[in-house]
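A short worksheet on the structure shown next.
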Amino acid sequence: MLVLMVGVFYFFLIRPQRKKDKVANEMRKNLSVGDEVVTIGGIAGKVISLKEDSVIIETGSDKNKMRIMRWAIQSREEKISN
């Protein structure tokens, strides 16, 4: 019975979370200059510079620049050509 509960726990909780983490890490690894991103804190901006573990984004109409860590990026939108 205990083995069955551990198996169910693995397939319904652990495995899906690992898949989500893998997709998120792949997205962060494949960022490029010009991508629109949203951080975990809800800040939206455009990537203007990439480093190994950090990203510089430009936010707002007054073009404020912020340095954030890659792990803090929640989602990305594809480049929009002008």
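The values are calculated or read from the model by the stated rules, or taken from the named source; none is laboratory data. Predicted model only: the values in this text are computed from it and were never measured. Cβ: placed from backbone, ideal geometry, glycine included. Neighbour counts: every protein chain shown.
Listed conditions (1) modelled with pLDDT of 90 or more; (2) exposed (fewer than 14 other Cβ atoms within 10 Å of the Cβ) are all met by Glu77, apart from (1).
Only one entry in Glu36, Glu52, Glu58 is in contact (Cβ under 8 Å) with a residue 40 or more places away in the chain and not aromatic (Phe, Trp, Tyr), namely Glu36.
If the condition is being under 12 Å from the mean Cα position of the chain (by Cα) and in a helix (DSSP H, G or I), then segment 1-54 contributes Lys20, Asp21, Lys22, Val23, Ala24, Asn25, Glu26, Met27, Arg28, Lys29. Of all residues in segment 62-72, at least one satisfies being surrounded by fewer than 10 Cβ atoms within 10 Å (Cβ to Cβ), more than 16 Å from the chain's Cα centre (by Cα), without any contact (Cβ under 8 Å) to a residue 24 or more places away in the chain and part of a loop (DSSP other than H, G, I, E, B). Quick one: is Ile57 assigned to a strand (DSSP E or B) and either at pLDDT 95 or above or more than 12 Å from the chain's Cα centre (by Cα) (or both)? Yes, satisfied.
Across segment 1-59, the number of residues qualifying as over 13 Å from Trp71 (Cα atoms), surrounded by fewer than 11 Cβ atoms within 10 Å (Cβ to Cβ) and among the small types (Gly, Ala, Ser) comes to 3.
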